[in-house]
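Only one structure is covered here, and it is reproduced in the block below.
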Amino acid sequence: MNQKQENLITVLDAGSAKSVVLVAEVQDGVLRYRGHGVERSRGMRKGLIAELGPAAEAINRAALTAERVAKAGIETCVVGIGGTHVRGINSRGGISMGSRMREITREEVKAAVDRARSVALPPDREVLHLLPQEFILDDQAGIHDPVGMVGTRLEVNLHLSTCSGGVAQSVITCANRAGLEVLDTVYEGIAAAEAVLSSDERELGVCLVDIGASTTELAVFFEGSIAHTAVLPIGGDHFTNDLAVGLHVTVEEAEQLKKLYGNCVVTAVPQMNEIEVGGNLAISGGQPARMVRQRFLAEILEPRARELFTMLRDNLRSGGVLEALGAGCVLTGGGANMLGLLDNAESLLRVPARVGFPVPLSRMPQELVMPEFSAAIGMLLYTHRTQVRRASEEQGLRAKLKAIFAGSF
């Protein structure tokens with residue numbers, strides 16, 4: 001385990017269904033897969049940590065597996081934050097630079113962003129991300145990077161992604177108990193978007209829908225920038241629980257049936273198809289096997305799918321972005337694997353929809369290139385891009401200081 005820690009990026013996605021620790025290394029500016037560990041989550045309820053001990057133990061086991069595969073020690077990580085406590089708000093603010101035109105520097109950009117972020121938040125809220133949507137220099141709007149331009153007033157439209165400070169701290173505490181120091185936190189919806197969306201989709205307008213076990217994270221992009229974020233209180237487990245109640249089976253068997261025979265469109269299932277339910281006595285609680293119509297599963301799943309996308313449509317409408325989805329809707333996360341979800345999305349949102357698979361890293365096993373790992377892979381990509389940007393800004397600052405000192409002698 002002699003790998004230099006600074007060359008490694010480790011991310012933790014502690015979800016309701018599973019805890020994923022994913023490790024990559026940076027070689028010559030390229031991100032390469034090193035290892036991963038996946039452990040079934042414990043101590044979680046409705047996307048939140050209910051018991052610190054079991055949750056930390058699951059994270060620790062995933063981290064140990066990732067260390068073994070990566071053949072390197074893991075000390076730090078970036079943690080994904082999700083759940084219904086995450087909320088996004090838009091704000092606008094700016095600075096005046098006097099009556100004479102001046103060149104815009106990073107300092108002016110930072111001052112404008114600080115002015116826009118100074119909105120009143122409840123004491124329990126923390127800012128996850130400050131995401132500039134566009135800059136307005138004097139009367140010119142639609143600017144993505146004003147550095148080097150000249151003007152007298154700089155304004156910015158800013159999207160703030162906020163979360164509950166207590167919930168975020170619980171995740172950080174779990175990671176600490178598992179032996180990991182947390183360097184940063186990332187909203188999982190933005191992370192998943194990093195892994196599955198193209199630049200064209202971001203420009204035309206697209207809604208990323210990350211369907212997890214307990215919740216669904218949204219991130220809407222328009223003209224290349226984030227326009228809206230939100231979290232819906234429905235996830236894949238709700239579909240499973242509906243089947244468990246409707247079929248009178250255990251949750252474990254309902255999950256198997258959902259994956260093998262589930263469909264969210266009733267008419268897509270042949271009327272005469274029948275399936276065996278309760279045949280596995282080990283997971284059916286001793287219930288004898290019986291035959292049920294496969295359509296009965298779809299009759300249970302379709303109403304839940306319509307509820308999810310009706311809620312999504314109403315959320316996008318209230319956020320003022322429903323008409324901005326020129327590139328449609330992209331479903332990812334483990335819940336995106338359900339058959340028939342795309343049909344419901346297209347029917348209710350009236351836009352094209354596709355399933356988003358994450359961009360694979362170099363040397364990454366094929367088993368990870370699945371929608372359920374989009375958030376974890378996206379966190380790696382997001383963290384690497386952030387590190388590159390910071391390094392570039394620091395290099396530019398050093399060059400500027402060097403030029404100033406050189407000119408003074």
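The values are calculated or read from the model by the stated rules, or taken from the named source; none is laboratory data. Since we're looking at a predicted model, the values are computed, not measured. Reconstructed Cβ throughout: ideal geometry from the backbone, glycine too, with neighbour counts over all protein chains shown.
If GLN169 satisfies every condition in (1) farther than 22 Å from ALA62 by Cβ; (2) polar (S, T, N, Q); (3) free of Cβ contacts under 8 Å to residues at least 24 places away in the same chain but one, which is the exception?
The failed condition is (1).
Given ASN315, ASN344, which one is in a helix (DSSP H, G or I), in contact with a Leu (Cβ under 8 Å, 6 or more places away or on another chain) and either at pLDDT below 95 or under 15 Å from ASN263 (Cα atoms) (or both)?
Working: ASN315 fails: either at pLDDT below 95 or under 15 Å from ASN263 (Cα atoms) (or both).
The unique qualifying residue is ASN344.
Counting only residues that are free of Cβ contacts under 8 Å to residues at least 60 places away in the same chain and either out of contact with any Gly (no Cβ under 9 Å at 6 or more places or on another chain) or aliphatic (A, V, I, L, M) (or both), give me the strands (runs of 3 or more DSSP E) lying completely in the stretch 183-299 with at least 3 of them. Working first, answer last.
Numbers: elements: 206-211, 216-222, 225-232, 274-277, 290-293.
Answer list for the stretch 183-299: 274-277, 290-293.
Just to verify a result, which residue in the stretch 112-144, among those that are more than 17 Å from CYS163 (Cβ to Cβ) and touching a Gly at 6+ places or on another chain (Cβ under 6 Å), is surrounded by the most Cβ atoms within 10 Å (Cβ to Cβ)? Steps first, please.
Narrowing the stretch 112-144 to residues more than 17 Å from CYS163 (Cβ to Cβ): 112-116, 118, 132-144.
The next check asks that each one be touching a Gly at 6+ places or on another chain (Cβ under 6 Å); those that pass are 112, 115-116, 134, 137-138.
Details: ALA112: 26, ARG115: 17, ALA116: 23, GLU134: 17, LEU137: 22, ASP138: 13.
Across the stretch 112-144, the extreme among qualifying residues is ALA112.
Of all residues in the stretch 361-375 being in contact with a strand residue (DSSP E or B) (Cβ under 8 Å, 6 or more places away or on another chain) and part of a loop (DSSP other than H, G, I, E, B), which is surrounded by the fewest Cβ atoms within 10 Å (Cβ to Cβ)?
Among those residues, the one meeting the criterion is ARG363.
Can you pull out the residues in the stretch 63-110 that are in a helix (DSSP H, G or I) and in contact (Cβ under 8 Å) with a residue 24 or more places away in the chain? It would help to see each step written out before you state the result.
Restricting attention to the stretch 63-110, the residues satisfying the condition of being in a helix (DSSP H, G or I) are 63-70, 106-110.
Within the stretch 63-110, ALA63, LEU64, THR65, ALA66, GLU67, ARG68, VAL69, ALA70, ARG106, GLU108, VAL109 meet the criteria.
Does the stretch 163-182 hold any residues that are surrounded by 22 or more Cβ atoms within 10 Å (Cβ to Cβ) and either assigned to a loop (DSSP other than H, G, I, E, B) or under 16 Å from the mean Cα position of the chain (by Cα) (or both), and which are they? Show your work before the answer.
Filtering the stretch 163-182 down to residues surrounded by 22 or more Cβ atoms within 10 Å (Cβ to Cβ) leaves 163, 171, 174-175, 178, 180.
Matches in the stretch 163-182: CYS163, VAL171, ALA178, LEU180.
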